[in-house]
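Enquirer: My structure is below; once you've seen it, I'll send some questions.
Only the coordinates and a few stated rules stand behind these numbers; no lab work does. Predicted, not measured: the structure shown is a model, and the values here were computed from it. Cβ sites come from the backbone with ideal geometry, for glycine too, and all protein chains shown count toward neighbours.
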Amino acid sequence: MAKMYPGMGDGIRGKIDGISIYKMKGVDRPVVRRSSGHSRAKQKRDPRLDLFCRAGKEFGGRSVIVGHLNWALRLHKCCRDHNVTAPLNGILSSVQVLDGEGDLGERSIFLSQHKEYVKGYSLNRTNPFDSVVTLSPQCSINRETLTATLRIPALIPNVNFFPSMRSPFYRFIATMTAVPDVVWKNGRYVSVFDKERSFADADSYTNWFSLLEGSPTQEIVLSSNDTPPNENYTLVVTVGVCYGILKTLDEVEMLPYGGSGKILEVG
């Protein structure tokens, strides 16, 4: 059932007469599409839908690993300006076709063997991180110790730092997460970490800095004491810059929008 939401630009959202109406991040107008698809019963008995079903299975496998990547980006919601799920799924489809052993509909996603596909992925369509911080941070990863070291250069406004927001303060967010490969096993796609939702999680926030004064060189160390269940994983390190305003005289509140971020390094 569709619902009418009060307020300028909210309008109708939901399903009505076979049509879905919803809002999407990064799209300034409501999205309208007609509901479609084949019933489960028809998918099972109609041989003409075999390729359709196989493609759907592989899409589901990519959705599993995208869920892990979204978890790696969990603290960077303020740095996104669009929904990253579909673009990441598209990138991983290029990784999935590289599995030469599995049949169509059962191909695995070995991201650990093709890490370069997600390195540098931008969370922004406007004001990407590299246009805001023109001298990109450096990062080194040690898989043996599950440690990532980031070095953020000294930033000078309007020299190597071009903030997209005119708020008084800014700071950096960095995260590290192990993203497992996803394989076809016992008739379904599963993570090689079995029931582990996340692994080797670490995050760090820098201090707040004045937007007018910039910031000195900073080093961020992310580390985890977890023990890897196997070697079929990718350490994903992300970095983002977010902005803040004064909430009280001695407290800065982070804005939930306007930041920029990217997947900085993988290992």
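Enquirer: Need one number: nm distance between label points at Ser136 and Ser94, each 7 Å from Cα along Cα→Cβ, rounded to one decimal.
Expert: Between Ser136 and Ser94, the label points sit 1.5 nm apart.
Enquirer: Going by alpha carbons, how many degrees (0 to 90, nearest 10) lie between the helix axis of 85-96 and the longest principal axis of the chain?
Expert: With rounding to tens, the tilt is 70 degrees.
Enquirer: Grab the eigenvalues of the alpha-carbon gyration tensor for segment 217-261, scale each by 5, take roots, and send me the semi-axes largest first in whole angstrom. Don't skip to the answer; put the middle values down first.
Expert: Numbers: eigenvalues 214, 37, 24 Å².
Working from the Cα gyration tensor, I get semi-axes of 33, 14, 11 Å.
Enquirer: Here's something else I'd like to know. Arrange the following residues from fewest to most other Cβ atoms within 10 Å of their Cβ: Glu251, Glu265. Intermediate results must be reported in sequence, preceding the final value.
Expert: Working: Glu251 9, Glu265 21.
Ordered from fewest to most neighbouring Cβ atoms within 10 Å, Glu251, Glu265 come out as Glu251, Glu265.
Enquirer: If I stretch the segment between Asn207 and Asn186 completely, what's the gain in nm (0.36 nm per residue apart, minus their alpha carbon distance), one decimal?
Expert: Once the chain is fully extended between Asn207 and Asn186, it gains 2.8 nm.
Enquirer: How many nm separate the modelled label positions at Lys77 and Arg33, each set 7 Å beyond the Cα in the direction of the Cβ?
Expert: 2.2 nm
Enquirer: Angle between the Cα long axis of helix 50-72 and the longest principal axis of the chain, 0 to 90 degrees, nearest 10?
Expert: That helix lies at roughly 20 degrees to the long axis.
Enquirer: Shifting gears a bit: To the nearest 0.05, what FRET efficiency results for Asn225 and Lys23 with a Förster distance of 45 Å applied to their C-beta separation?
Expert: My answer for the efficiency is 0.65.
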